[in-house]
Amino acid sequence: MAPKLPAAIVRNLGKLSDHEIAERSGREVGSIQAARQVRGILPVRWKPWGPKDLKLLGTMSDVEVARRLGVTKTSVARKRQSLGIEPFGSSRKQLRHRWTKRQLAWLGKLNDSEVARRLKLDATTVAAKRESLGIQSVRKGRSPRVWTKKQLSWLGKLSDAEIARRMGTGRRKVIAKRQSLGIENPTVAASKARWTPEVVEMLGKYSDASVSERTGIPVTAISGYRARHGIRINGKRHTWSPAEIKMLGKKPDKEIAEFLGIKTETVAAKRRKLMISADR
């Protein structure tokens with residue numbers, strides 16, 4: 001059953017994004033999305049899938065395709081699955097591929113891309129297998145790259161992009177080398193170490209500035225993590241009244257935040273969204 005919504009909100013369904021309507025009305029994005037879908041209203045910026053749009057599927061993450069086309073990640077994933085296209089990156093099928101003697105014989109004799117085409121795998125997966133066996137790649141006109149002890153010591157300590165920059169090579173080649181040695185991505189490892197259950201629990205109780213002071217994690221990183229995971233402080237979300245919006249830009253953000261009992265960052269974010277200059 002469609003959620004009951006005021007006529008003013010219903011008129012904007014499909015004309016404004018679900019997130020924008022939710023922000024303006026103070027309602028959950030999910031309820032806005034459900035109301036639109038039940039009424040058979042297409043999302044804003046939606047358009048039929050064209051040949052160029054379809055070619056993007058599987059060549060990059062569903063999130064990136066959704067961002068480029070202005071649609072949801074879910075709609076991209078459903079379209080890709082309906083066409084039988086594997087997701088971008090190493091799939092479970094690729095990770096558990098069993099190599100036969102004949103296939104292993106191709107490594108180093110054919111280039112990684114050709115082996116990947118024959119086996120319907122990702123070229124990075126092929127490169128990782130080849131390097132794990134110490135087999136050099138086919139590189140016409142160039143001698144194979146030999147990793148020094150110093151360069152190998154960077155893996156897992158520096159980002160893949162930084163190592164690629166220092167070595168003057170492609171990031172995917174660095175990733176393949178790191179994965180072939182079973183070394184975890186340093187960015188992922190650092191994130192796991194940073195966002196412990198204790199820190200995550202703080203995000204719903206204290207302000208970003210307070211959590212930053214307690215943990216040493218930058219405020220921007222805390223705000224970004226909380227926003228990505230939909231964590232609200234004390235489970236509440238401030239609903240802006242017309243009178244409160246009129247305050248923006250006329251008084252300092254901090255003063256408005258103290259008056260309303262919310263965070264300064266919340267006031268600043270609302271003001272920037274409405275393109276209102278800060279009080280000086």
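Annotations
For every residue, the table says whether it meets (1) farther than 30 Å from GLY134 by Cβ; (2) under 26 Å from the mean Cα position of the chain (by Cα).
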{"residue": "SER159", "(1), (2)": "no, yes"}
{"residue": "LYS173", "(1), (2)": "no, yes"}
{"residue": "ALA190", "(1), (2)": "no, yes"}
{"residue": "GLY216", "(1), (2)": "yes, yes"}
{"residue": "ALA221", "(1), (2)": "yes, yes"}
{"residue": "LYS250", "(1), (2)": "yes, no"}
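- Test: GLU255 is assigned to a helix (DSSP H, G or I) and either open to solvent by less than 50 Å² (accessible area, probe 1.4 Å) or of a type in the set (D, E, K, R) (or both): yes
- Of all residues in segment 172-188, those that are more than 11 Å from THR125 (Cα to Cα) have Cβ atoms under 7 Å from Cβ atoms of residues that are part of a loop (DSSP other than H, G, I, E, B) and open to solvent by 90 Å² or more (accessible area, probe 1.4 Å), 6 or more apart or on another chain, in PRO186/LYS157.
- Considering residues of segment 64-88 that are modelled with pLDDT of 75 or more and β-branched (Val, Ile, Thr) only, the residue farthest from GLU20 (Cα to Cα): ILE85
- Candidates in segment 2-40 are the residues that are modelled with pLDDT of 75 or more and in a loop (DSSP other than H, G, I, E, B); of these, the one that is farthest from VAL65 (Cα to Cα) is PRO6.
- For segment 100-148, the candidate set comprises residues that are modelled with pLDDT of 75 or more and of a type in the set (Lys, Arg); within that set, the residue that is least open to solvent (accessible area, probe 1.4 Å) is ARG130.
- The lone criterion from (1) at pLDDT below 80; (2) open to solvent by 50 Å² or more (accessible area, probe 1.4 Å) left unmet by LYS52 is number (1).
- Within segment 192-210, considering residues that are modelled with pLDDT of 80 or more and more than 19 Å from the chain's Cα centre (by Cα), the one surrounded by the fewest Cβ atoms within 10 Å (Cβ to Cβ): PRO197
- Any hit, segment 215-227, residues being at pLDDT 80 or above, among the charged types (D, E, K, R) and not in a loop (DSSP other than H, G, I, E, B): no
- Residues of segment 239-271 classified as of a type in the set (Asp, Glu) and closer than 21 Å to SER212 by Cβ, total: 3
The values are calculated or read from the model by the stated rules, or taken from the named source; none is laboratory data. If you're wondering where the values come from, they're calculated on a predicted model, not measured in any experiment. A quick note on method: Cβ atoms are made from the backbone with ideal geometry, for glycine too, and the neighbour counts reach across all protein chains shown. What goes into the accessible areas is simple: the full protein's heavy atoms, side chains included, and nothing from ligands, DNA or RNA. Shrake-Rupley method; radii C 1.70, N 1.55, O 1.52, S 1.80 Å.
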